[in-house]
Amino acid sequence: EAGVAQSPRYKIIEKRQSVAFWCNPISGHATLYWYQQILGQGPKLLIQFQNNGVVDDSQLPKDRFSAERLKGVDSTLKIQPAKLEDSAVYLCASSSRLAKNIQYFGAGTRLSVL
Amino acid sequence: GQQLNQSPQSMFIQEGEDVSMNCTSSSIFNTWLWYKQDPGEGPVLLIALYKAGELTSNGRLTAQFGITRKDSFLNISASIPSDVGIYFCAGQKGTYKYIFGTGTRLKVLA
């Protein structure tokens, strides 16, 4: 079974530019999560989707971050405009109620904002 | 946002030694999970615990769900070089949301 796919693996941009990350969850997983992991810390949830609806976006900086999961499968996370403090690894995870809601993670996208 | 407290923050051990780490919270969780993260990769699930007092093993790894539901422990026996990495605990409330710990960095000296 294929795991969670993320692209790109690395991205370097200058501050005030925009960037987008893509995630394709494990087939059949209804719940999709985006996390931000700053160096030396644990992952922090940004947004959680159940199918194509948002369940929790309480920690998403909505003035610059946006995410969508239009068809309830793959998802895009966007940052516009980026700030220096957005440098981090952005992890996508997915889960299924049939598998006890265990979250499975992709390899992440490492973003460097210069 | 909230993060769980893990200790130790980092540890250097000799190959073959046993390792213990723990995770504590001021909140009660329904599920405790332990993940390992290698450099440049996403976290990989090691063990999931669903009931207070539960003790579960996965090969050389053993984890326990604390009786108070506010803590969990992970032990690794007879460590090997590939055990190197960052170990994260995560607590789950309700059905979905995870709160992650601050991580324990393990380095194994051959």
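Please treat every number below as a calculation from the coordinates, not as lab data. Please read all numbers here as calculations on a predicted model, not as lab measurements. Cβ placement follows ideal geometry from the backbone for every residue including glycine, while neighbour counts extend to all protein chains displayed.
Paramagnetic label reach from B:Asn75 (point 7 Å along Cα→Cβ; backbone nitrogen cut-off under 14 Å): within the stretch B:1-39, residues B:17-22. Residue order for A:Trp34, A:Trp22, fewest other beta carbons within 10 angstrom first, comes to A:Trp22, A:Trp34. Its alpha carbons give the protein assembly as shown an Rg and a Dmax of 17.5, 50 Å. Footprinting exposure proxy ranking of A:Val89, A:Val19, fewest other C-beta atoms within 10 angstrom first, gives A:Val19, A:Val89. Rounded to the nearest whole angstrom, the semi-axes of the ellipsoid equivalent to the stretch B:36-110, taken from the Cα gyration tensor as √(5λ), stand at 22, 16, 10, largest first. Ordering A:Phe21, B:Phe73 by the number of other Cβ atoms within 10 Å of each residue's own Cβ, fewest first, gives B:Phe73, A:Phe21. Here the label points at B:Glu54 and A:Ile12, each 7 Å from Cα along the C-beta direction, are separated by 4.5 nm in the simple model.
Computed over the Cα atoms of the stretch A:1-100, the ratio of the radius of gyration to the Kirkwood radius (Rg/Rh) comes to 0.96.
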